[in-house]
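What follows is one structure encoded as structure tokens, with my remarks underneath.
The values are calculated or read from the model by the stated rules, or taken from the named source; none is laboratory data. Keep in mind that this is a model prediction, so the values were computed, not measured. No Cβ is skipped: glycine too gets one built from the backbone with ideal geometry, and neighbour counts run over all protein chains shown. For accessibility, only protein heavy atoms count, side chains too; no ligands or nucleic acids. Shrake-Rupley method; radii C 1.70, N 1.55, O 1.52, S 1.80 Å.
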Amino acid sequence: FPSHDRYFDPLFPERYKELCQDKEFWLNLKPLIDPKELSFEPVVYITARQCGVEITKEWLKNNGWPQVEVEVVGLKESKIDIAKKYQLDLFVDDKYDTFFEFNQAGIYCLLMDRSHNRQQKDHNRRIKSLKEINK
């Protein structure tokens, strides 16, 4: 199996733990989405990033994202309770399990198209850009 793929890398947990301590790594990640694509004001960012909420907030600010609350869940924890706390009626995620869980819970979720989720069924809820939310 390719060692660069985290799903097949037996050392991924240790490597990820080390990366979580590397602030510069997280701050230098390039955005996959341009915040100018937003046609709405986000209510909250819910992430499973384990680098620390302050680093995530700094990254969002540095990259021009609207400044709203940031909530962090553990890698194997659900984002549903936080979404309900904020009474979200729309959520976007690139992880298929999260997409499925949200829709099962009655919270409309769109699946952001990424190479790691293209084999999954999206029930016509896949988007390639945040601009598509206007539709």
Excluding ligands, DNA and RNA, the carbon-plus-sulfur percentage of the accessible area of the chain with a 1.4 Å probe reads 50
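Taking the solvent-accessible surface of protein heavy atoms with a 1.4 Å probe, what is the per residue accessible area of the chain in Å²?
Working: 9230 Å² over 135 residues.
Per-residue accessible area for the chain comes out at 68 Å².
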Mean Cβ-within-10 Å packing, highest first, puts peptides 116-125, 82-91 in the order 82-91, 116-125
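Remind me, what semi-axes does the chain give for its equivalent ellipsoid, largest first in whole Å, using sqrt of 5 times each Cα gyration tensor eigenvalue?
Values for the chain, descending: 23, 20, 16 Å.
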Summing -39500 (n - 2.57) over every DSSP H run of at least 4 residues in the chain and dividing by its residue count gives a helix-only mean residue ellipticity at 222 nm, to the nearest 500 deg cm²/dmol, of -7500 deg cm²/dmol
Scoring only Lys, Arg, Asp and Glu (+1, +1, -1, -1) among other residues with Cβ under 10 Å from the Cβ of Ser129 yields -2
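Just in segment 18-105: which GluC sites (Glu not before Pro) are loop by DSSP and have at most 16 other Cβ atoms within 10 Å? Walk me through the numbers on the way to the answer.
Working: sites: Glu18, Glu24, Glu37, Glu54, Glu58, Glu69, Glu71, Glu77, Glu101; in loops: Glu77.
In loop regions of segment 18-105 (DSSP not H, G, I, E or B), the sparsely surrounded GluC sites (Glu not before Pro) are Glu77.
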